[in-house]
Amino acid sequence: MHDFVFPAVTLPDSAPALRQQVREFLQREKDAGSFTPRQNSWSDGDAAFSRKLGQAGYIGMVWPKAYGGHERTALERYVVMEELLAGGAPVGAHWVADRQSGNQILRHGSERARQLILPQIAAGECFFAIGMSEPDSGSDLAAVRTKAVKAEGGWKISGTKVWTSSAHRAHYLIALVRTAPKEDDRHAGMTQFIVDLKSSGLKLSPILNIYGAHDWNEVVFDECFVPDDMVVGEVGGGWNMVTSELAFERSGPDRFLSTYQLFLAAMDKLGDQPDARAVNEIGRFVAHLTTLRRMSTSVAGMLTEGKKPILEAALVKDIGTAFEREIPEVFRQLMPSEPSMEEDRVDFESLLGMGMLKAPGFTIRGGTREILRGMIAKGLGLR
Ligand SMILES: Cc1cc2nc3c(=O)[nH]c(=O)nc-3n(C[C@H](O)[C@H](O)[C@H](O)COP(=O)(O)OP(=O)(O)OC[C@H]3O[C@@H](n4cnc5c(N)ncnc54)[C@H](O)[C@@H]3O)c2cc1C
């Protein structure tokens, strides 16, 4: 049975000053009118804002300076990320590139890919999308059918990816595809490729979300050529790479702060004299938030030590996304009001309306809760 332990982590001495720096940066940007705080802000892109964050040194923070990074620690990065998210900053354009694609390229990419791409990501000028899901392969990723066939100097990819968030605004997509047929080990024969989204042989079509906005894309590959130096890691080693990256993808503050702006707006609206039921709910949310933050920083600490806390990260994501999903539901019942769908407004009614529409996706993206609970149950020896 897996021993679920979340050791306490002490944030570095530099954390308070760094936190203050980010808060001042956000205040200056707000005063200058460059953004209004929004919820789910890591899915909401603003290329100009990402460029400013790049200039401020808040992207690629842990990467080597040789690749445009800043050689800060993972916990320093954590402090900056939680401040940006809690402040509702529009960090979505570069989020995937900074959180996972860039890290994969740094660890497993070719030297050319590192030199070409990492400095652009760190400058806030290069954005990535994730190409994992397919029409018949979401939770069961090993069922992917998109395939790559060897060609002179590279590979030709054919097949279809779906639900690729923001691919229409991104420069590259990392696609998980099959490079060898499924045999006894269905996890073997899968490889990741960095696909330039301007390549020929690619067609993007919008998939609209529940409120009609263009969030996702279907990406159809028709013998799309990808050069050899855009293969990530070993050919056939894609599965291990994807699963070991999951701990980074699932454990950060982005997995519990998506409706934090709504929480703040609800407390403002409740004022100084909330009734007993509201007091109970707020107390419960604050207790959960404190615990989640403790668990999430603990996973960040384990990752810094080179451990692979995949099950701990699954637990953070399951509890974290349930928490951020519950906020609109509870405040909807506590303060009956007419939800609005005006995304640019930041009053309680608009945050509630948009929060209710966005929340169902929180427990699906990055692995559904049934899948996470299956992993956790296995870890506990229950199945
Ligand atoms: C907001 C959002 C953004 C997304 N962005 C991306 C992206 O950028 N790139 C990308 O590749 N994908 C993306 N996805 C897709 C997401 O990863 C998939 O939706 C998810 O993995 C589930 O796959 P599916 O939709 O095919 O559902 P299915 O796998 O068909 O699942 C349907 C239901 O069955 C349950 N289920 C499936 N298998 C099991 C099992 N073994 N045991 C118990 N229950 C099971 C699931 O939990 C779910 O409730 C995004 C999704 C959302 C909502």
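The values are calculated or read from the model by the stated rules, or taken from the named source; none is laboratory data. Everything numeric in this text was worked out from a predicted model, so none of it was measured. Counting neighbours? That spans all protein chains shown, and the Cβs are built from the backbone with ideal geometry, glycine included. Areas reflect the complete protein model, heavy atoms only, side chains present, ligands, DNA and RNA absent. Shrake-Rupley method; radii C 1.70, N 1.55, O 1.52, S 1.80 Å.
General observations
- The single condition among (1) within 30 Å of residue 67 (Cβ to Cβ); (2) buried (at least 18 other Cβ atoms within 10 Å of the Cβ) that residue 115 does not satisfy is (2).
- Looking across the stretch 65-109, the residues that are over 22 Å from residue 26 (Cα atoms), in a helix (DSSP H, G or I) and not hydroxyl-bearing (Ser, Thr, Tyr) come down to 65, 66, 100, 102, 103, 104, 105, 106, 107, 108.
- Answer residue from the stretch 119-138, given it is more than 16 Å from the ligand (Cβ to nearest atom) and under 18 Å from the mean Cα position of the chain (by Cα) and is most open to solvent (accessible area, probe 1.4 Å) among those: 125
- For the stretch 115-150, a tally of residues being part of a helix (DSSP H, G or I) and in contact with a strand residue (DSSP E or B) (Cβ under 6 Å, 6 or more places away or on another chain) returns 1.
- The set of residues from the stretch 42-63 being out of contact with any strand residue (DSSP E or B) (no Cβ under 8 Å at 6 or more places or on another chain) and at pLDDT below 95 comprises 44, 45.
- Filter result for residue 193 (among the aromatic types (Phe, Trp, Tyr), assigned to a strand (DSSP E or B) and at pLDDT 95 or above): yes
- Residue 223 vs. criteria more than 16 Å from the ligand (Cβ to nearest atom), in a strand (DSSP E or B) and open to solvent by 20 Å² or more (accessible area, probe 1.4 Å): yes
- Condition met for residue 364 (modelled with pLDDT of 95 or more and assigned to a helix (DSSP H, G or I)): no
- Conditions (1) at pLDDT 95 or above; (2) away from the ligand (no atom under 16 Å from the Cβ); (3) surrounded by fewer than 21 Cβ atoms within 10 Å (Cβ to Cβ): number failed by residue 184: (1)
- Residue ID - nearest to the chain's Cα centre (by Cα), chosen from residues in the stretch 32-73 that are crowded, with 18+ Cβ neighbours inside 10 Å and of a type in the set (Gly, Ala, Ser): 43
- Considering residues of the stretch 226-255 that are open to solvent by 20 Å² or more (accessible area, probe 1.4 Å) and assigned to a loop (DSSP other than H, G, I, E, B) only, the residue nearest to residue 171 (Cα to Cα): 233
- Per-region count, the stretch 335-368, residues acidic (Asp, Glu) and exposed (fewer than 15 other Cβ atoms within 10 Å of the Cβ): 4
- Scanning the stretch 256-296 for residues that are among the aromatic types (Phe, Trp, Tyr) and in a helix (DSSP H, G or I), we see that the one that is surrounded by the fewest Cβ atoms within 10 Å (Cβ to Cβ) is 285.
- Matching residues, the stretch 151-179, being part of a loop (DSSP other than H, G, I, E, B), touching a strand residue (DSSP E or B) at 6+ places or on another chain (Cβ under 8 Å) and away from the ligand (no atom under 12 Å from the Cβ): 153, 171, 179
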